[in-house]
Amino acid sequence: MTVIVENPVEDIELFEQKKEIHFDPDEVVSDGGFTMPDSNAFGQSFRDYENAENERHQIVEQTYRLQHSNQTYDYVKKMREEYSRLDKAEMSIWECCELLNDVVDESDPDLDEPQIMHLLQSAEAIRKDYPDEDWLHLTALIHDLGKILLLPQFGGLPQWSAVGDIFPVGCAFDESNVHYQFFKENPDFNNPKYNTKNGVYSEGCGMSNVLMSFGHDDYMYLVAKENGTTLPSAALFVIRYHSFYPLHSCGAYKHLMNEEDVENLEWLQIFNKYDLYSKSKVPVDVEKVKPYYLSLIDKYFPAKVKW
């Protein structure tokens, strides 16, 4: 089923210009000095998946059990084929942001607020520290838009197929993955084709050639890329791998990266602290910041986007 959201357009202009962003720690200036809080919205440690006293512990654990046992190489190929058609809806980026008022991420132990608040909190925190990197502000705003996969009009996928940390399929599951023990229930775990270090890949092949567990990261990457966004490659890398904690927090799977991945990883690690530590119960004044983000959307995306 295709959902058309107001003022359909027959032709979506696809932008071909690609900005290249090169990371140099000595040239990137942060004027805000973002300070990581001591605890999450529940007064507990961030990303604490073992604390049984965390009120979201059981929900989060069950989500990862299902994700790790069901996300196989064949499953990911099937889902990517289906969702790369982008035939679910046509709407603007901001219209999609508003849909996230109805989405709560059950894999997140740190927040149970609607996702639109998280997007604005992370975007505003980055905007304060990196005022000249407007592409990064917009990247923060849209990085989780793929969570619309949870809504009925976009397939109503189960939480385990839309949220949570992501990981490569088609090669051995690294022990740095959260709740690694649940991978033993995955059919690929004992498949000799997929359970070696490289699996179906080769060392240095580049992350763009590696299939990742399907979810909101990869879906939003497909949406941005196929709609011709002019965001730089670093932004697309951040969108596609922001939930790839085994890589950007633990250094796992680096043997699959190429030189461009290494450069873009620097930006992902900058982005990560804002994505993780800006979550709070303090809301952002949506109407106050909306005009700024609408201007960025107009700069980097067509007016209507296929989803």
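The values are calculated or read from the model by the stated rules, or taken from the named source; none is laboratory data. Given the structure is predicted, the values throughout are model-derived calculations rather than measurements. FYI the Cβ positions are ideal-geometry reconstructions off the backbone, even for glycines, and counts take in every protein chain you see. Protein only, heavy atoms only, side chains kept; ligands, DNA and RNA dropped before computing areas. Shrake-Rupley method; radii C 1.70, N 1.55, O 1.52, S 1.80 Å.
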Net dipole in debye of the range 95-216 [+1 Lys, Arg Cβ; -1 Asp, Glu Cβ; about Cα centre; nearest 20]: 640 debye
Accessible surface, 1.4 Å probe, highest first, among residues K304, K254: K254, K304
Residues with amide H under 5 Å from that of A89, placed H, sequence gap 5 or more: V3, W307
Debye intensity ratio in log₁₀ form over the Cα atoms of the range 55-306, taken at each q of 0.10, 0.14, 0.15 Å⁻¹: -0.46, -0.93, -1.08
Backbone HN-Hα couplings from phi across the range 84-89 [Karplus 6.51/-1.76/1.60, Hz, Gly and Pro as x]: 6, 6, 6, 10, 8, 6
Probe 1.4 Å - accessible area at W160, Å² to nearest ten: 40 Å²
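Stretched out fully, how many nm does the piece from N195 to D285 gain, at 0.36 nm a residue minus the Cα gap? Present the calculation step by step, with values, prior to reporting the outcome.
Numbers: separation 90, 0.36 × 90 = 32.40 nm, distance 4.78 nm.
Roughly 27.6 nm would be gained on extension.
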Ordering of 180-188, 123-131 by packing [mean C-beta count within 10 Å, highest first]: 123-131, 180-188
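Magnitude of the Cβ-charge dipole of the range 55-306, K/R +1 and D/E -1, about the Cα centre, nearest 20 debye? Could you put the intermediate results ahead of the total?
Numbers: 24 positive and 40 negative charges, 87 e Å.
Magnitude of the dipole: close to 420 debye.
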Accessible carbon and sulfur surface of the range 195-283 relative to its total accessible area, %, 1.4 Å: 45 percent
Per principal axis, descending, Cα span of the range 219-307 in whole Å: 43, 34, 20
Karplus-derived 3J(HN,Hα), 6.51/-1.76/1.60, for each residue of the range 126-141, Hz, glycine and proline x: 5, 4, 5, 8, 10, x, 8, 9, 5, 4, 6, 4, 5, 4, 5, 5
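Can I get the semi-axes of the range 72-217's equivalent ellipsoid? Compute them from the C-alpha gyration tensor as square roots of 5 times the eigenvalues, in angstrom, largest first. Please report the intermediate quantities before stating the final value.
Working: eigenvalues 174, 67, 51 Å².
Semi-axes (√(5λ), whole Å): 29, 18, 16.
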